[in-house]
Amino acid sequence: MAEARMSGEGGKQYKQSGLWARFRKNRMAFCGAIMIMGLVVVAIFAPLIAPFPYDQQDFMAAQEAPSAAHWFGTDEFGRDIFSRIVYASRISLEVGFIAVSIGMVVGGALGSVAGYYGGFLDNFVMRTMDILLAVPSTILAIAIAATLGPGLFNLMMAVGISTIPRYARIVRASVLSLRHLEFIEAAQAVGSSDFRIIVKHILPNCMAPVIVQATLGVASAILNTAGLSFIGLGIQPPTPEWGAMLSGARTYIRDYPYMTIFPGLAIMLTVLALNFLGDGLRDALDPKLKR
Amino acid sequence: MWRYVLRRLCYLLPIFIGISFFVFFMLHMTPGDPARLMLGDAATETSVQELRQEMGLNDPFLMQYGRYIKNAVRGDIGKSYITKSPVAHEVLQAFPATLRLALFAISIAILIGVPLGILSAIHQYSLLDNVAMGFALIGISMPVFWLGLLLILLFCVWLGWFPASGFDTFRQMVLPAVTLSTPSLAIISRISRSSMLEVVRQDYICMARAKGQVEWRVIWNHALGNALIPIVTIVGLQFGGLLEGAVVTEAVFAVPGIGSLLVEAIKTRDYPMVLGGVLFIGVVFSLVNLVVDILYAYIDPRIKARYQNG
């Protein structure tokens, strides 16, 4: 707890370098971060990395086993599975990050308002969140996605809305713990507006748990997206999506197992990397270190 | 204790109202005219209008919601667009299979996950700890349906030990249950480990050791009780996770449960069926949480004490 004793101008820098050192020491988290960066690069440069366009069909070469030309083989339309997996990384990352952003922004706003003002508003917001939490989040996402209809945007909304209560709870709890501290009173005394106090003084101080939750949240959003696509909600063909690819591959599992193996591997590695990173961040940010 | 149970029961009512309002609101938002869908494209506009009037679809939103609640209390949550049979009937018929699957899966997850997590904590940083936690991390990172497909590939296609579909015999239940239990097993073992680690660092454990208590008794008599509290919470939460996982697991293994019902209804855009299933799962999940909270109070003397006097 060295940083607890630090104060003054040098303190912040020391604290940050301590955080960085702890983070770097955690090899798994570092690995996770590198894998995620790699995936982001793959998603951005997908057209350069993929040897074929994702929707190029070649019926003469349908369902070929992995070879030098088609690293992961081809699917029932003769499309190159490796290229499709590369392009699909775009969808997964997009849905993951945007869904989490929706949840974080809306949930964060609700949670901070509830925690800051308290009283009736707090009760109303948090009881509403309890109701949303009473339905498991994937089931909630299924209900929303089924109602809105298929499509990328609706999928992001469904997965995003289903995560709102979690962020609302975390942010509210942090706001409550900060609400009556001296620096908030000081800000009120000099006449800062409530909005300014919440955004400038309170939120920056409760980011740590939110960042951890968001990292793990992207992982579960990607899993959720794949699951929803797998059962026929969400991304429509021919847009490649890992869950949808698995759903298509299922029919051919007996004769062409490689069609099933590679898209699932892509999901697992992505989620694993995010979990590494999230666990590492939690260890680095948590003052009550377990190690 | 009873006061606590009673208070917790009272919380259920607003939650039920909330879930039903959410589901009804969603139902209201779904595209398409229910009257038109029931009569088919061939029906004339006037007959559709008549049915709309008869079904009360022209009434104000809140009035319709009130009627929905009134019917729901009597067990009527609408009719399927496709089969025209009552949703409640189909959901209840599918529920036993899902319940069996979920109970089987949670048993596997608890019986393996809790001991594994506690052993990992006692032997922190040992080979067992590292291997178990490595597998646990993979377990929570794997999509359930992919795991299911891989198990089918290994045990049905290549080894031929288990059938790939159906849900009547024990052999048919093994693969779906193992598939569904994996993420919960991973999470339960992780929580068990960290909970145990926290407890064994408390002063009273140190005290027990200082008195010269043998190690297994320190763990079994002193540490376990307190370590169990967070574990019970997570087991309860996992039940919700199991219901989610059941949807895709049932789809993979063709288990005739609520999950398969939902997936089929999604494909045919049978909205009353989808949302009826969601309503049912929400209610079941709330009831499970109620049981967990009561169990929690039973294990945690602090909660019991708060309600003892007065």
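The values are calculated or read from the model by the stated rules, or taken from the named source; none is laboratory data. Not measured: the values here are computed from a predicted model. Positions of Cβ are generated from backbone atoms using ideal geometry, with glycine treated the same way; all protein chains shown enter the neighbour counts.
List of remarks:
Here is a yes/no grid of residues against (1) surrounded by fewer than 18 Cβ atoms within 10 Å (Cβ to Cβ); (2) touching a Leu at 6+ places or on another chain (Cβ under 9 Å); (3) of a type outside the set (K, R):
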{"residue": "B:M29", "(1), (2), (3)": "yes, yes, yes"}
{"residue": "B:A35", "(1), (2), (3)": "no, yes, yes"}
{"residue": "B:A42", "(1), (2), (3)": "yes, no, yes"}
{"residue": "B:T46", "(1), (2), (3)": "yes, no, yes"}
{"residue": "B:E54", "(1), (2), (3)": "yes, no, yes"}
{"residue": "B:H89", "(1), (2), (3)": "yes, no, yes"}
{"residue": "B:P96", "(1), (2), (3)": "yes, no, yes"}
{"residue": "B:L101", "(1), (2), (3)": "no, yes, yes"}
{"residue": "B:I106", "(1), (2), (3)": "no, yes, yes"}
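- Scope the range A:179-215; condition without any contact (Cβ under 8 Å) to a residue 12 or more places away in the chain, under 22 Å from A:L285 (Cα atoms) and among the polar types (S, T, N, Q); matching residues: none
- Taking helices (runs of 4 or more DSSP H) as the structural unit, those lying wholly within the range B:239-310 and holding at least 1 residues that are basic (K, R) and either more than 10 Å from chain A (Cβ to nearest Cβ) or under 25 Å from B:Y68 (Cα atoms) (or both) correspond to B:258-267, B:301-306.
- Check on B:V178, touching a His at 6+ places or on another chain (Cβ under 9 Å) and farther than 22 Å from A:T251 by Cβ: no
- Cross-chain or 6+ apart pairs with Cβ under 7 Å, the range A:117-130 first and within 11 Å of chain B (Cβ to nearest Cβ), then among the small types (G, A, S): A:M129/A:A168
Residues are listed down the side, and each one gets a yes or a no for (1) touching a Lys or Arg at 6+ places or on another chain (Cβ under 9 Å); (2) among the aliphatic types (A, V, I, L, M); (3) over 30 Å from A:L176 (Cβ atoms):
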site: A:M207; (1), (2), (3): no, yes, no
site: A:T215; (1), (2), (3): yes, no, no
site: A:I222; (1), (2), (3): no, yes, yes
site: A:S229; (1), (2), (3): no, no, yes
site: A:I261; (1), (2), (3): no, yes, yes
site: A:L277; (1), (2), (3): no, yes, no
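- Residues within the range A:232-291 that are within 30 Å of B:S195 (Cβ to Cβ) and part of a loop (DSSP other than H, G, I, E, B), tallied: 6
- For B:I303, the criteria (1) surrounded by 15 or more Cβ atoms within 10 Å (Cβ to Cβ); (2) at pLDDT 85 or above hold in every case but one, which is (2).
- Here A:D283 meets the list (1) charged (D, E, K, R); (2) within 14 Å of chain B (Cβ to nearest Cβ); (3) over 24 Å from B:E244 (Cβ atoms); (4) more than 23 Å from the chain's Cα centre (by Cα) almost entirely, failing just condition (4).
- B:G56 meets all of the listed conditions (1) under 21 Å from B:L275 (Cα atoms); (2) touching a residue at least 40 places away in the same chain (Cβ under 8 Å); (3) not hydroxyl-bearing (S, T, Y) but one, namely (2).
- Within the range A:199-222, the set of residues being crowded, with 19+ Cβ neighbours inside 10 Å and polar (S, T, N, Q) comprises A:Q213, A:T215, A:S220.
- Positions within the range A:140-173 being crowded, with 24+ Cβ neighbours inside 10 Å, within 12 Å of chain B (Cβ to nearest Cβ) and closer than 18 Å to B:R269 by Cα, in sequence order: A:L140, A:A141, A:I142, A:A143, A:A145, A:A146, A:A158
- Enumeration of residues in the range B:236-280 that are touching a Pro at 6+ places or on another chain (Cβ under 7 Å) and either farther than 26 Å from B:P163 by Cβ or modelled with pLDDT under 85 (or both): B:G240, B:G241, B:L243, B:E244
- Count of residues meeting criterion [in a loop (DSSP other than H, G, I, E, B) and closer than 17 Å to A:P263 by Cβ] in the range A:30-50: 1
- For the range A:240-261, a residue qualifies if it is facing another protein chain (nearest Cβ under 10 Å) and within 20 Å of A:L39 (Cβ to Cβ), and the qualifying residues are A:W242, A:G243, A:L246, A:I261.
- Qualifying helices (runs of 4 or more DSSP H) (wholly inside the range B:7-83; at least 1 residues being within 14 Å of chain A (Cβ to nearest Cβ) and modelled with pLDDT under 80): B:34-39
- Residue satisfying all of: in the range B:196-229; within 14 Å of chain A (Cβ to nearest Cβ) and without any contact (Cβ under 8 Å) to a residue 40 or more places away in the chain; surrounded by the fewest Cβ atoms within 10 Å (Cβ to Cβ) among these: B:R201
- Answer from B:S126, B:S165 - the residue that is among the polar types (S, T, N, Q) and more than 28 Å from the chain's Cα centre (by Cα): B:S126
- The number of residues in the range A:223-239 being within 7 Å of chain B (Cβ to nearest Cβ) and either surrounded by fewer than 24 Cβ atoms within 10 Å (Cβ to Cβ) or over 20 Å from the mean Cα position of the chain (by Cα) (or both) comes to 2.
- In the range A:88-135, the residues that are outside any helix (DSSP H, G or I) and buried (at least 20 other Cβ atoms within 10 Å of the Cβ): A:A134, A:V135
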